[in-house]
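Trainee: Following this message is one structure expressed as structure tokens.
The values are calculated or read from the model by the stated rules, or taken from the named source; none is laboratory data. Just so you know, these numbers come straight off a predicted model, no measurement behind them. Quick reminder, even Gly has a Cβ in these numbers, built from the backbone with ideal geometry, and neighbours come from all protein chains shown. What goes into the accessible areas is simple: the full protein's heavy atoms, side chains included, and nothing from ligands, DNA or RNA. Shrake-Rupley method; radii C 1.70, N 1.55, O 1.52, S 1.80 Å.
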Amino acid sequence: MTSHVFPRPFLFGTATASYQIEGAVAEDGRGPSIWDVFSHTPGRTNNGDTGDIACDHYHRYQEDIALMRDLGVDAYRLSIAWPRILPGGTGAVNPLGVAFYRTLLEGLRAAGIRPVITLYHWDLPQALQDRGGWAERSTAEAFAHYAAVMATELGDLVDTWTTLNEPWCAAYLGHGSGVHAPGITDPALSVKVAHHLNLAHGLAVQAIRQVLPDARCSVTLNLQVARPEDPEDPADRAAARTVETIGNDVFLSPMLEGRLPEELVAATAPVTDWSFVAPGDLAEIHQPLDVLGINYYSTMTVRPRRADDPDSSGGHGQTGHSPWPACDDIAFLDPTGPLTAMGWNIEPQGLTDLLVATSRRFPDLPLMVTENGAAFEDRADQDGHVADPDRIDYLHDHIAAVGRAREAGARVEGYFLWSLMDNFEWAYGYSKRFGIVRVDYRTLARTPKASFDWYRGLIATRRLSERP
Ligand code: PNW
């Protein structure tokens, strides 16, 4: 039986994000974010759920650190809430916000856990949205200022600085399909936002390195794996390439190659002429990175759209708008085969393929899987215990997929499980549970699931056998 080994310094970790777990949205000087406003707008989230309390991590972080110490993780990927640090987006720094994260990071360090920080996991200060948000270049400049403040205040405690989490979601779900904050449905604007997020990334990396010349800098992308329905059909293959160009190269090419690919400009021509790109922008965006974070959950299958196809919104639409700009002529097919509770198909080989292809394209750039995991219909017993064999299988098969990628030569240096605990799953509210720790949202009690014990065992042995 084949087995995969993950010797140190390979990092095993878990991941969370500020708005999804912290709660305490009006405490200690935190300003409102676009997700506070969005989740409080009727009809935007399942059941009207908000992050007002979430997992109450803001008050229970010590218990959560203790859980991770017990789990034995090498590292923890968390995000900082910009509106806790700069309640107005720019201007005065809130010392209580800084103090919260200092205490949290010190607690992680004391537990022997390396903090991998994300500066932007979608909670933009509402004050900046009121001035146009990511539609404005000035938001990218404000982000660089925030990054400099964080490098100054927390530089001694952070292992890795990640600028953005999944700009694909912030741009295309936030401004295309509108299922995420700020809930805008404008394909042309969604591409402009993608550019401003790229700019924010590049300016922030420069700002961090001005304070901390040796800072380890990164960005996390949810790279898309698009499969052609018929791999032999050139039109299906072209459709898959277009999706990957618009979903991936829109970030990878400016950030890692300093260019705007001709295919991207051509593919998006129906909605934008890219006139918002100023001279010098690509050089600002193109900064050396120490590691690239990749979030992976699933794959998609596409082909050209046919006249008799039903309306398809890219598999992500509850609003009737597609997140995919300029992709009206592409059909995103309903997934077949085993699915998670999100309706996402389970295809571990997609992760191997993605890691191998990305490492071939950027051979000098180490990769980390910064999110991978699954929501299933958990059932808790009287004591809150959850037996979650589906999640264990999913994790097993995807970590094995990372092992196969490494053996094929991909430079993968870490794996972060999404998520440490059940949390606010954006538009789905609390209805989808990704945690390896169950959260009872009435009592806020945490109870490790069977998958927690399984992951602890894996981390202890750093060895995984392929299933027969
Ligand atoms: C990621 N999609 O979100 C985020 O980084 C997490 O905050 C989130 O909880 C996790 O994945 C699980 O969803 C995504 O529609 C949200 O393609 C939506 C999509 C992808 C990622």
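Trainee: Please work out which residue is farthest from Asp74 (Cα to Cα), limiting yourself to region 24-47 and to residues that are away from the ligand (no atom under 16 Å from the Cβ) and of a type in the set (Gly, Ala, Ser).
Mentor: Out of the qualifying residues, it is Gly43.
Trainee: Looking only at region 411-429, which residues are within 15 Å of the ligand (Cβ to nearest atom) and surrounded by fewer than 20 Cβ atoms within 10 Å (Cβ to Cβ)?
Mentor: Tyr428, Gly429
Trainee: So Asn198 passes all but one of these: (1) closer than 30 Å to Gly48 by Cα; (2) under 17 Å from the mean Cα position of the chain (by Cα). Which condition number does it fail?
Mentor: Failed condition: (1).
Trainee: Here's a follow-up. Could you count how many residues in region 80-128 are in contact with a helix residue (DSSP H, G or I) (Cβ under 7 Å, 6 or more places away or on another chain), of a type in the set (Lys, Arg) and open to solvent by 40 Å² or more (accessible area, probe 1.4 Å)?
Mentor: Looking only at that region, the number is 1.
Trainee: Anything in region 145-187 that is of a type in the set (D, E, K, R) and either within 15 Å of the ligand (Cβ to nearest atom) or without any contact (Cβ under 8 Å) to a residue 40 or more places away in the chain (or both)? List them, or say none.
Mentor: Those that are of a type in the set (D, E, K, R) and either within 15 Å of the ligand (Cβ to nearest atom) or without any contact (Cβ under 8 Å) to a residue 40 or more places away in the chain (or both): Asp156, Glu166, Asp186.
Trainee: Mind listing just one residue for me: the one in region 51-79 that is hydroxyl-bearing (Ser, Thr, Tyr) and under 19 Å from the mean Cα position of the chain (by Cα) and, of those, surrounded by the most Cβ atoms within 10 Å (Cβ to Cβ)?
Mentor: So, considering only residues that are hydroxyl-bearing (Ser, Thr, Tyr) and under 19 Å from the mean Cα position of the chain (by Cα), the one surrounded by the most Cβ atoms within 10 Å (Cβ to Cβ) is Tyr76.
Trainee: Somewhere in region 456-465, is a residue open to solvent by 10 Å² or more (accessible area, probe 1.4 Å), in contact with a Pro (Cβ under 9 Å, 6 or more places away or on another chain) and assigned to a loop (DSSP other than H, G, I, E, B)?
Mentor: Within region 456-465, one or more residues are open to solvent by 10 Å² or more (accessible area, probe 1.4 Å), in contact with a Pro (Cβ under 9 Å, 6 or more places away or on another chain) and assigned to a loop (DSSP other than H, G, I, E, B).
Trainee: Kindly provide the set of residues from region 324-380 that are of a type in the set (S, T, N, Q) and open to solvent by 50 Å² or more (accessible area, probe 1.4 Å), ordered by number.
Mentor: Matches in region 324-380: Thr336, Gln349.
Trainee: Looking only at region 403-410, decide whether some residue is within 24 Å of Ser79 (Cα to Cα), touching a residue at least 12 places away in the same chain (Cβ under 8 Å) and open to solvent by less than 10 Å² (accessible area, probe 1.4 Å).
Mentor: Looking for residues that are within 24 Å of Ser79 (Cα to Cα), touching a residue at least 12 places away in the same chain (Cβ under 8 Å) and open to solvent by less than 10 Å² (accessible area, probe 1.4 Å), one finds none in region 403-410, hence no.
Trainee: Also, quick follow-up: Taking region 215-230 on its own, how many of its residues are closer than 17 Å to Leu365 by Cα and either within 16 Å of the ligand (Cβ to nearest atom) or open to solvent by 60 Å² or more (accessible area, probe 1.4 Å) (or both)?
Mentor: Count: 7.
Trainee: Still on this structure, please answer the following. If His316 satisfies all but one of (1) outside any helix (DSSP H, G or I); (2) under 18 Å from the mean Cα position of the chain (by Cα); (3) at pLDDT 95 or above, what's the number of the condition it fails?
Mentor: Answer for His316: the failing condition is (3).
Trainee: Arg209 fails exactly one of the following numbered conditions: (1) farther than 30 Å from Gly107 by Cα; (2) of a type in the set (Lys, Arg); (3) away from the ligand (no atom under 16 Å from the Cβ). What is the number of that condition?
Mentor: So the condition that Arg209 fails would be (1).
Trainee: Given the conditions (1) in contact with a His (Cβ under 9 Å, 6 or more places away or on another chain); (2) within 16 Å of the ligand (Cβ to nearest atom); (3) farther than 24 Å from Gly293 by Cα, which single one is not true for Lys449?
Mentor: Exception for Lys449: condition (2).
Trainee: Among (1) open to solvent by 60 Å² or more (accessible area, probe 1.4 Å); (2) closer than 21 Å to Glu141 by Cα, which single condition is Ser190 missing?
Mentor: Only one criterion in (1) open to solvent by 60 Å² or more (accessible area, probe 1.4 Å); (2) closer than 21 Å to Glu141 by Cα is unmet by Ser190, namely (1).
Trainee: Kindly provide the set of residues from region 193-214 that are open to solvent by 10 Å² or more (accessible area, probe 1.4 Å) and of a type in the set (Gly, Ala, Ser), ordered by number.
Mentor: Ala207
Trainee: Please indicate, with yes or no, whether at least one residue in region 357-370 is touching a Leu at 6+ places or on another chain (Cβ under 6 Å), within 16 Å of the ligand (Cβ to nearest atom) and within 26 Å of Val243 (Cα to Cα).
Mentor: No; the residues of region 357-370 include none that is touching a Leu at 6+ places or on another chain (Cβ under 6 Å), within 16 Å of the ligand (Cβ to nearest atom) and within 26 Å of Val243 (Cα to Cα).
Trainee: Among what's in region 381-402 and is small (Gly, Ala, Ser) and open to solvent by less than 10 Å² (accessible area, probe 1.4 Å), pick the residue that is nearest to the chain's Cα centre (by Cα).
Mentor: Only one residue tops the list, namely Ala401.
Trainee: Could you check region 1-88 for helices (runs of 4 or more DSSP H) lying wholly inside it with 2 or more residues that are touching a Gly at 6+ places or on another chain (Cβ under 7 Å) and polar (S, T, N, Q)?
Mentor: Here the list is empty.
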